[in-house]
Amino acid sequence: MLSAKPSDISRNALSVVAIPAFADNYIWLIHNGEHAAVVDPGDAQPVLDVLISRNLTLAAILLTHHHADHVGGVPHLLRHRPVPVWGPRNPSIGGITNHLGEGDHASVPEIGLVLDVLEVPGHTLDHIAYVAAQEGWVFCGDTLFAGGCGRLFEGSAQQMTTSLAKLARLPGDTAVYCAHEYTVANLRFAVAAEPGNSLLHARLLAEQTKRSHGEPTIPSTIELEKQTNPFLRNTEAEIIATLQNKRGLVSGKPVEAFAALREWKNAFR
Ligand SMILES: [Zn+2]
């Protein structure tokens with residue numbers, strides 16, 4: 001007999017909590033009021049504080065890449081409670097119980113969460129992103145930022161543009177949960193790269209207002225990023241012209257425009 005009980009609906013009602021860590025990291029905690037999964041716990045104590053204050057039981061840890069500000073809290077959390085740890089196929093990251101690559105799935109049955117895995121190398125070679133297709137979320141670590149993208153510490157410009165294009169193909173209303181609050185600085189750079197983009201100016205003002213009230217600017221959406229993030233707009237004529245005029249870009253090839261943008265941003269103050 002078919003019957004939809006109200007409890008069936010609420011069982012899948014998940015919330016995402018931003019846990020600030022270090023100077024500008026966000027650790028994302030996904031919970032159903034009872035159990036929780038945590039994404040990129042660079043530090044354990046702020047996570048434990050939220051688990052205790054909200055009376056939540058840790059059910060899983062999800063990691064996007066090997067940097068210490070994303071994985072540093074794992075040993076402490078596992079001493080608190082031994083849970084499955086999902087992460088990239090990188091043996092240098094301790095504690096991972098389930099290694100993931102392109103097309104794999106991570107699941108947290110305690111909260112009814114299933115995540116699709118995308119390989120998104122560029123910032124690091126091991127970087128993966130988690131897509132919650134049903135909820136319309138992506139946890140993309142240091143690959144796509146609000147208004148920007150991660151630095152190329154290990155991968156090439158070609159790898160990063162391919163990874164960003166993969167994220168840009170997600171549905172436009174997908175909420176983008178990146179791992180750092182860099183948005184205002186990113187958008188100031190974006191304005192220098194594309195001064196004629198009026199949506200970009202409006203976004204910068206809106207995000208500055210959020211920060212002046214102490215609010216996170218994250219999550220963003222894929223659509224907003226496509227409209228305002230220069231690293232997803234490296235084929236736009238105005239951006240290429242700016243790079244040619246100010247940065248000596250010769251070719252108009254998208255990957256070279258991306259590399260020139262990334263290099264400019266590294267030095268931009
Ligand atoms: Zn990183």
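The values are calculated or read from the model by the stated rules, or taken from the named source; none is laboratory data. Given the structure is predicted, the values throughout are model-derived calculations rather than measurements. In this analysis, Cβ positions are derived from the backbone assuming ideal geometry, glycine residues included, and neighbour counts consider all displayed protein chains. Quick note on the areas: whole protein, heavy atoms, side chains included, nothing else; ligands and nucleic acids left out. Shrake-Rupley method; radii C 1.70, N 1.55, O 1.52, S 1.80 Å.
In the stretch 100-112, which residue that is of a type outside the set (Gly, Ala, Ser) and surrounded by fewer than 16 Cβ atoms within 10 Å (Cβ to Cβ) is farthest from the ligand (Cβ to nearest atom)? Talk me through it step by step, then tell me what you get.
Taking the stretch 100-112 first, the residues of a type outside the set (Gly, Ala, Ser) are 100, 102, 104-105, 108-111.
Now drop any that are not surrounded by fewer than 16 Cβ atoms within 10 Å (Cβ to Cβ), which leaves 102, 105, 109.
Details: Glu102: 19, His105: 23, Pro109: 29 Å.
Among those that are of a type outside the set (Gly, Ala, Ser) and surrounded by fewer than 16 Cβ atoms within 10 Å (Cβ to Cβ), it is Pro109.
Which of the residues belonging to the stretch 35-64 are among the hydroxyl-bearing types (Ser, Thr, Tyr) and either open to solvent by less than 40 Å² (accessible area, probe 1.4 Å) or touching a Pro at 6+ places or on another chain (Cβ under 8 Å) (or both)? Before the answer, list the steps.
Quick first cut of the stretch 35-64, residues among the hydroxyl-bearing types (Ser, Thr, Tyr) only: 53, 57, 64.
Thr64 - this is the single residue of the stretch 35-64 that is among the hydroxyl-bearing types (Ser, Thr, Tyr) and either open to solvent by less than 40 Å² (accessible area, probe 1.4 Å) or touching a Pro at 6+ places or on another chain (Cβ under 8 Å) (or both).
Among the listed residues Glu181, Glu194, Glu238, which satisfies the condition of being open to solvent by less than 20 Å² (accessible area, probe 1.4 Å) and touching a helix residue (DSSP H, G or I) at 6+ places or on another chain (Cβ under 9 Å)? Talk me through it step by step, then tell me what you get.
Numbers: Glu181 fails: open to solvent by less than 20 Å² (accessible area, probe 1.4 Å); Glu238 fails: open to solvent by less than 20 Å² (accessible area, probe 1.4 Å).
One residue alone meets the criteria, Glu194.
For the stretch 77-93, name all the residues that are touching a residue at least 12 places away in the same chain (Cβ under 8 Å) and either among the acidic types (Asp, Glu) or out of contact with any helix residue (DSSP H, G or I) (no Cβ under 7 Å at 6 or more places or on another chain) (or both). Give the derivation first.
Residues of the stretch 77-93 that are touching a residue at least 12 places away in the same chain (Cβ under 8 Å), as a first pass: 77-78, 80-81, 83-90, 92-93.
If the condition is that a residue be touching a residue at least 12 places away in the same chain (Cβ under 8 Å) and either among the acidic types (Asp, Glu) or out of contact with any helix residue (DSSP H, G or I) (no Cβ under 7 Å at 6 or more places or on another chain) (or both), then Leu78, Arg81, Val83, Pro84, Trp86, Gly87, Pro88, Arg89, Asn90, Ser92 are the ones that fit.
Kindly indicate whether any position in the stretch 65-87 is surrounded by 24 or more Cβ atoms within 10 Å (Cβ to Cβ), more than 26 Å from Ser163 (Cα to Cα) and within 16 Å of the ligand (Cβ to nearest atom).
Scanning the stretch 65-87 turns up at least one residue that is surrounded by 24 or more Cβ atoms within 10 Å (Cβ to Cβ), more than 26 Å from Ser163 (Cα to Cα) and within 16 Å of the ligand (Cβ to nearest atom).
Identify, please: which residue in the stretch 113-149 is more than 12 Å from the ligand (Cβ to nearest atom), within 18 Å of Leu224 (Cα to Cα) and part of a strand (DSSP E or B) and is, among those, most open to solvent (accessible area, probe 1.4 Å)?
Trp137
Just to be sure I understand, how many residues within the stretch 241-269 are among the polar types (S, T, N, Q) and either loosely packed, with under 15 Cβ neighbours inside 10 Å or under 23 Å from the mean Cα position of the chain (by Cα) (or both)? Break it down stepwise before answering.
First, the residues of the stretch 241-269 that are among the polar types (S, T, N, Q): 242, 244-245, 251, 266.
Right, trim to either loosely packed, with under 15 Cβ neighbours inside 10 Å or under 23 Å from the mean Cα position of the chain (by Cα) (or both) and you get 245, 251, 266.
Count: 3.
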